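Everything on this sheet refers to the single structure shown next.
Taken together, the values in this text are just the output of simple stated rules run on the coordinates, not laboratory data. This is a predicted model, so every value here is computed, not measured. Neighbour counts run over all protein chains shown; Cβ positions are idealised from the backbone, glycine included.
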Amino acid sequence: NVNFFEQPDEKHVSIQASDGENLMRVAVSNGVGGVVGECGGEMSCATCHVFVHESWSGRLPPASADEIDLLETSDAYDSERSRLSCQIELREELDGIDIYVAPEN
Ligand code: FES
């Protein structure tokens with residue numbers, strides 16, 4: 001399960017996802033508000049920007065330099081919590097992860 005908190009009012013949506021699925025694709029195919037994924041995961045749009053709750057961010061593989069470069073172009077960038085959801089692959093140990101959609105997507 002992935003817990004999304006949508007913009008603009010942090011409405012909670014819980015979505016069942018499988019091991020190996022891409023977080024951005026899970027959000028887009030389930031219509032999570034505010035996750036667009038315009039570039040299709042090519043790391044060129046940042047419309048998949050999300051905040052990963054602090055208690056989970058340490059369990060993810062670290063962001064690449066390219067991912068950080070693109071995130072830094074966002075006004076809402078938060079070095080502790082910002083990630084591009086298209087760069088996150090869901091794994092069993094991430095079950096229950098809390099994902100907050102970033103405001104400007
Ligand atoms: Fe474009 Fe993630 S979908 S950067």
What does the charge dipole of the chain about its Cα centre add up to, to the nearest 20 debye, if the Cβ of each Lys and Arg holds +1 and the Cβ of each Asp and Glu holds -1?
220
Could you go through the range 27-35 in sequence order and give the Karplus-derived ³J(HN,Hα) for each residue, using 6.51 cos²θ - 1.76 cosθ + 1.60 with θ = phi - 60°, rounded to whole Hz, and x for Gly and Pro?
5, 5, 6, 9, x, 5, x, x, 9
Which FRET efficiency value, to the nearest 0.05, do you get for Lys11 and Ala65 by plugging their Cβ-Cβ distance into 1/(1 + (r/R0)^6) with R0 = 25 Å?
0.15
Computed over the chain, Kirkwood Rh from alpha-carbon pairs, angstrom:
13.3
Nearest 500 deg cm²/dmol is fine: what mean residue ellipticity at 222 nm does the chain get from its DSSP H runs of n ≥ 4 alone, each adding -39,500 (n - 2.57), divided by its residue count?
-4000 deg cm²/dmol
Once you put a point 7 Å from the Cα of Glu80 and another 7 Å from the Cα of Trp56, both along the Cβ direction, what distance in nm separates them?
1.7
